[in-house]
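Chemist: Quick one: the structure is below, and I'll ask about it shortly.
The values are calculated or read from the model by the stated rules, or taken from the named source; none is laboratory data. In this text the structure is predicted, and so the values were computed from the model without any measurement. Every residue, glycine as well, gets a Cβ built from its backbone with ideal geometry; the counts of neighbours run over all protein chains shown.
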Amino acid sequence: MWTPEIKDCSTALPPIPVLQSPDMFYRSDNRAPDQMRPVNIVPGFINTAEGSVLMEVGNTRVICTASIEETVPSFMRNSGKGWITAEYSMLPRATLTRTAREVSKGRSSGRTHEIQRLIGRSLRAATDLIRLGERTIWIDCDVIQADGGTRTASITGAFIALGLALEKLVDAGTLTSAPLRDFVAAVSVGIVDGEILLDLNYEEDSRADVDMNFVMTAGRKLVEVQATAEHQVFDESQLAKMIALAGQGVQSLIAKQQAMLGTLTLRQ
């Protein structure tokens with residue numbers, strides 16, 4: 001009877017080579033430290049508003065609208081200047097667990113006040129209010145899904161909505177040109193586990209040692225900087241790196257704004 005030969009297979013296999021550096025930093029969504037999340041902008045998302053976009057940055061989604069009123073607040077009357085103001089809110093299930101609507105609490109939270117004032121300041125800094133004339137542009141930013149960076153996405157999307165609304169005023173002959181000084185966008189930068197990261201998502205933001213928000217113009221001028229050493233202080237060298245990284249991120253966002261508002265750019 002034939003008996004098959006049994007060979008000894010106990011010899012250890014050669015080790016699999018490690019292709020990644022042990023010093024390589026891994027992000028939860030596999031981005032490089034200096035990489036933005038995917039950005040998608042849908043113009044005219046709300047067809048009843050003079051200007052609107054759906055602003056998507058990764059899994060963060062914000063509806064931004066711009067509405068024109070031919071009047072100004074009482075403190076601006078007879079000043080010859082216009083006004084831009086903003087309101088900000090989040091849907092109850094924009095977050096992982098339901099957040100009660102602020103209207104049910106009878107007042108807006110301190111966070112909401114802070115963010116909507118930031119949005120208004122950022123857009124006014126980029127607008128010639130005298131050329132706008134005595135009218136108000138209301139900016140509404142409604143977060144329908146939050147995964148970090150809702151305020152920065154709101155500012156970036158709100159500028160496009162503003163530009164689209166101004167474009168309609170130009171088309172109607174109400175304005176001869178768009179009263180904008182420059183494009184403006186915003187991005188977050190932070191330090192997580194000792195690594196400087198661009199455009200933090202929620203998972204990164206929730207455990208960041210340092211959390212910063214930058215609002216900047218196309219001319220690389222700073223409009224506003226918010227910085228907090230959540231768990232660890234940072235030095236001037238790290239700050240310089242964060243400013244440079246923020247500038248890189250903002251310029252990529254402004255390139256998308258300019259592509260969306262190409263005709264507006266020519267009218268400046």
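Chemist: Hey, among ALA94, ALA86, ALA66, which residue is touching an Asp or Glu at 6+ places or on another chain (Cβ under 7 Å), closer than 17 Å to VAL143 by Cβ and in contact (Cβ under 8 Å) with a residue 40 or more places away in the chain?
Modeler: The unique qualifying residue is ALA66.
Chemist: Please find, among PHE234, PHE214, the residue that is in contact (Cβ under 8 Å) with a residue 12 or more places away in the chain and either farther than 21 Å from GLY120 by Cα or exposed (fewer than 13 other Cβ atoms within 10 Å of the Cβ) (or both).
Modeler: Criteria check complete, one pass: PHE234.
Chemist: In segment 195-213, how many residues are of a type in the set (S, T, N, Q) and within 14 Å of the chain's Cα centre (by Cα)?
Modeler: 2
Chemist: Let me ask another. Restricting segment 237-255 to residues that are within 16 Å of GLU56 (Cβ to Cβ) and in contact with a strand residue (DSSP E or B) (Cβ under 6 Å, 6 or more places away or on another chain), which is surrounded by the fewest Cβ atoms within 10 Å (Cβ to Cβ)?
Modeler: Per the criteria, the residue is GLY249.
Chemist: Sticking with this one: Of the residues that make up segment 214-225, is at least one out of contact with any Phe, Trp or Tyr (no Cβ under 8 Å at 6 or more places or on another chain) and in a helix (DSSP H, G or I)?
Modeler: Within segment 214-225, none of the residues are out of contact with any Phe, Trp or Tyr (no Cβ under 8 Å at 6 or more places or on another chain) and in a helix (DSSP H, G or I).
Chemist: Is there a residue in segment 158-172 that is within 14 Å of the chain's Cα centre (by Cα) and of a type in the set (Gly, Ala, Ser)? Even if it seems obvious, please write down each step before you answer.
Modeler: First pass over segment 158-172, keeping only residues within 14 Å of the chain's Cα centre (by Cα): 158-161.
Remaining after also requiring of a type in the set (Gly, Ala, Ser): 158, 161.
Among the residues of segment 158-172, at least one is within 14 Å of the chain's Cα centre (by Cα) and of a type in the set (Gly, Ala, Ser), which makes the answer yes.
Chemist: Here is a follow-up. Can you tell which of ARG111, ARG117 is within 29 Å of ILE68 (Cβ to Cβ) and in contact (Cβ under 8 Å) with a residue 24 or more places away in the chain?
Modeler: ARG117
Chemist: Inspect segment 222-235 for any residue being on the phi > 0 side of the Ramachandran plot, at pLDDT 95 or above and of a type outside the set (A, V, I, L, M) and give the result as yes or no.
Modeler: Initial filter on segment 222-235 (on the phi > 0 side of the Ramachandran plot): none.
Looking for residues that are on the phi > 0 side of the Ramachandran plot, at pLDDT 95 or above and of a type outside the set (A, V, I, L, M), one finds none in segment 222-235, hence no.
Chemist: Does at least one position in segment 175-184 carry a residue that is modelled with pLDDT of 95 or more and within 15 Å of the chain's Cα centre (by Cα)?
Modeler: Taking every residue of segment 175-184 in turn, at least one turns out to be modelled with pLDDT of 95 or more and within 15 Å of the chain's Cα centre (by Cα).
Chemist: Counting only residues that are part of a loop (DSSP other than H, G, I, E, B), modelled with pLDDT of 85 or more and of a type in the set (A, V, I, L, M), which one in segment 12-45 is nearest to ALA259 (Cα to Cα)?
Modeler: First, pick out the residues of segment 12-45 that are part of a loop (DSSP other than H, G, I, E, B): 12-38, 44-45.
From what's left, modelled with pLDDT of 85 or more: 27, 29-38, 44-45.
From the residues that got through so far, the ones that are of a type in the set (A, V, I, L, M) too are 32, 36.
Numbers: ALA32: 25, MET36: 18 Å.
This residue is MET36.
Chemist: Does ILE196 qualify as being more than 23 Å from GLN116 (Cα to Cα) and modelled with pLDDT of 95 or more? Reasoning before the result, please.
Modeler: Numbers: more than 23 Å from GLN116 (Cα to Cα): yes; modelled with pLDDT of 95 or more: yes.
It is true that ILE196 is more than 23 Å from GLN116 (Cα to Cα) and modelled with pLDDT of 95 or more.
Chemist: Here's something else I'd like to know. Quick check on my filter: what residues within segment 157-209 are touching a Gly at 6+ places or on another chain (Cβ under 8 Å), in a helix (DSSP H, G or I) and of a type outside the set (A, V, I, L, M)?
Modeler: Scanning segment 157-209 gives GLY163, GLU167, LYS168, TYR202, GLU203, GLU204, ASP205.
Chemist: Please find, within segment 214-224, the residue that is farthest from the chain's Cα centre (by Cα) out of those that are of a type in the set (A, V, I, L, M) and within 20 Å of ARG37 (Cα to Cα).
Modeler: Looking at residues that are of a type in the set (A, V, I, L, M) and within 20 Å of ARG37 (Cα to Cα), I get ALA218.
Chemist: Also, I was wondering about something else. Counting just the residues of segment 104-143 that are touching a strand residue (DSSP E or B) at 6+ places or on another chain (Cβ under 9 Å) and β-branched (Val, Ile, Thr), which one comes out surrounded by the fewest Cβ atoms within 10 Å (Cβ to Cβ)?
Modeler: Only one residue fits best here, namely THR112.
Chemist: Which condition number in (1) over 13 Å from the mean Cα position of the chain (by Cα); (2) in contact (Cβ under 8 Å) with a residue 40 or more places away in the chain; (3) within 16 Å of MET36 (Cβ to Cβ) is the one that VAL192 fails?
Modeler: Only one criterion in (1) over 13 Å from the mean Cα position of the chain (by Cα); (2) in contact (Cβ under 8 Å) with a residue 40 or more places away in the chain; (3) within 16 Å of MET36 (Cβ to Cβ) is unmet by VAL192, namely (2).
Chemist: What number of residues within segment 73-115 are out of contact with any helix residue (DSSP H, G or I) (no Cβ under 6 Å at 6 or more places or on another chain) and assigned to a helix (DSSP H, G or I)?
Modeler: Qualifying residue count, segment 73-115: 15.
Chemist: Counting only residues that are small (Gly, Ala, Ser), surrounded by 14 or more Cβ atoms within 10 Å (Cβ to Cβ) and out of contact with any Gly (no Cβ under 8 Å at 6 or more places or on another chain), how many does segment 25-51 have? Explain how you work it out, then say what you get.
Modeler: Of the residues in segment 25-51, the ones small (Gly, Ala, Ser) are 28, 32, 44, 49, 51.
If we keep only those that are surrounded by 14 or more Cβ atoms within 10 Å (Cβ to Cβ) too, we end up with 49, 51.
Retained after the next criterion (residues that are out of contact with any Gly (no Cβ under 8 Å at 6 or more places or on another chain)): 49.
Number satisfying all stated conditions: 1.
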